[in-house]
Amino acid sequence: MSELKYCQGPDCHTYSTKDRLKGSKDNKTYQTRRRSHMYYGRGNFCDRRCMEDWIAQYIEQGLDHFGRTTQAKHLTEENAWIKDYDWRGNADESHRHFFYNSITKEQRPITREQYEDRNYTLNT
Ligand SMILES: [Zn+2]
């Protein structure tokens, strides 16, 4: 059994849906949704509206904190690597994972672990 966590939407409790109405018979209130798994914002929000509420409230602070883009970024050979794989329907074969450079069209094979590792990149 995985642990229940609360939706991080600042206004989640203000949306009066039936599933948010909780409590004992005479003392029911609309409450922040609590679930073992949520699909939005890397599992932090119960739905798109709650995720967008959070963004609307905190976007400026976030950009100020982590730094704003102040000049154009350029796609070059050095940062054009993307991860991809060829689907293999045969159960005996695993999918072929690779890096693909969208500028040079070069392919380099990688393992499935490297494919799934968010921090593993060839981009500089
Ligand atoms: Zn929510």
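Pairs under 8 Å by beta carbon, first residue over 27 Å from ARG118 (Cα atoms) and hydroxyl-bearing (Ser, Thr, Tyr) in the stretch 27-53, partner in a loop (DSSP other than H, G, I, E, B) and near the ligand (Cβ under 9 Å from one of its atoms), six or more apart or different chains?
TYR30/TYR15; THR32/CYS7; THR32/GLY9
Tell me, which residue of the stretch 41-83 that is of a type in the set (Ser, Thr, Tyr) and under 29 Å from ILE110 (Cβ atoms) is nearest to the ligand (Cβ to nearest atom)?
Here the answer is THR69.
Starting from the stretch 1-19, take each residue that is free of Cβ contacts under 8 Å to residues at least 24 places away in the same chain and list its partners that are part of a loop (DSSP other than H, G, I, E, B) and within 12 Å of the ligand (Cβ to nearest atom), counting only C-beta distances under 6 angstrom and pairs at least six apart or across chains.
HIS13/GLN31; HIS13/THR32
Mind listing whichever residues of the stretch 61-78 are of a type in the set (Gly, Ala, Ser) and in a helix (DSSP H, G or I)?
We begin by selecting, within the stretch 61-78, every residue of a type in the set (Gly, Ala, Ser); these are 62, 67, 72.
Selection gives GLY62 alone.
Among the residues of the stretch 26-63 satisfying the criterion of being farther than 24 Å from SER2 by Cα and β-branched (Val, Ile, Thr), which is surrounded by the most Cβ atoms within 10 Å (Cβ to Cβ)?
First pass over the stretch 26-63, keeping only residues farther than 24 Å from SER2 by Cα: 26-29, 49, 52-63.
Pick out the ones that are also β-branched (Val, Ile, Thr) and you get 29, 55, 59.
On the way: THR29: 9, ILE55: 12, ILE59: 10.
Here the residue is ILE55.
Mind listing whichever residues of the stretch 94-114 are within 12 Å of GLU77 (Cβ to Cβ) and not in a strand (DSSP E or B)?
Matches in the stretch 94-114: SER102, ILE103, THR104, LYS105, GLU106.
Quick note: the coordinates plus some simple rules give every number you see, no bench work behind them. Here the structure is a predicted model, which is why all the values come from computation and not from measurement. Neighbour counts run over all protein chains shown; Cβ positions are idealised from the backbone, glycine included.
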